[in-house]
Amino acid sequence: MKKTTIKSLAAAAFAFCALAGASPAALAQDAGLKVDEAWVRSTVPNQHATGVFMRLTSAATGRLVGVESQAAKHVEIHEMAMQDNVMKMRQVPGIALPAGQAVELKPGGYHVMLIDLARQIAPGDHVALTLIVEDAAQQQRRVAVEAVARPLNTGAAPAAGHGH
C-alpha cells in the first residue's frame, strides 16, 4: 500500500508540475536528484543517433544506471575516454552520483546516447527522458526529465550571465 501511495503522489506531483508550467526538473529535485540544463543535440535528416547532456546532483550517494525514452529504440549511458592516445566512446553500466556533488554529462565526457531515433530532432524540440537512479541499498527510482534540443554546433551551455 505504501509503494502505491508514493507512486500516486509522484504521478500527481508530475501532473501538477505539467499543469503549473513548472519544469520536470523541479520534480526531479523533489525525488532527491536535481537535474540542471538537460539538453539534447538536434539532428539532421537520416541521422540515427544523438547525445543528451545535463548536470546531476544527488542528495544521497547513488548511481545513474539507466535511461529510457520514446525518442529512440535504444538509450545507453556512454563515456568518452582516451585509450591508446585515441578518444573513444564506450557504453558504461552506470555513473556514480556522490552525495551533494554535481556530475556533468557533457560533450567529450559522460553522456546519454539516443540510438535509432524515432524521428529527426529539431532545435527547440522537447525530448522526454526517464532517468533510472539506484541508491546505496540498490533500490531504483525513476526520475522524469525533459531535455530541450539545441543546434548541432552547440558544445555546452553558456556560463551564467554569458549568454550573448
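Here, each number is a calculation from the coordinates, and none is a lab measurement. Small disclaimer: the values here were computed from a predicted structure and weren't measured.
In this structure the amide hydrogen of residue 62, modeled in the peptide plane, comes within under 5 Å of the amide hydrogens of 97, 99, none closer than 5 places in sequence on its chain.
Remark on residue 72: its backbone amide H falls under 5 Å from those of 118, a criterion applied only to residues 5 or more positions apart or on other chains, H modelled at 1.01 Å from N. Against the empirical 2.2 N^0.38 Å (N residues), segment 33-150 has a Cα radius of gyration ratio of 1.04.
Contact order, relative form, for segment 33-150: 36 percent (alpha carbon pairs under 8 Å, 6 or more residues apart, mean separation divided by residue count).
The HN-Hα couplings worked out from phi for segment 43-58 by the Karplus form 6.51 cos²θ - 1.76 cosθ + 1.60 (θ = phi - 60°) are 10, 10, x, 6, 6, 9, 8, 7, x, 10, 9, 5, 10, 10, 10, 9 Hz, whole numbers, x standing for Gly and Pro.
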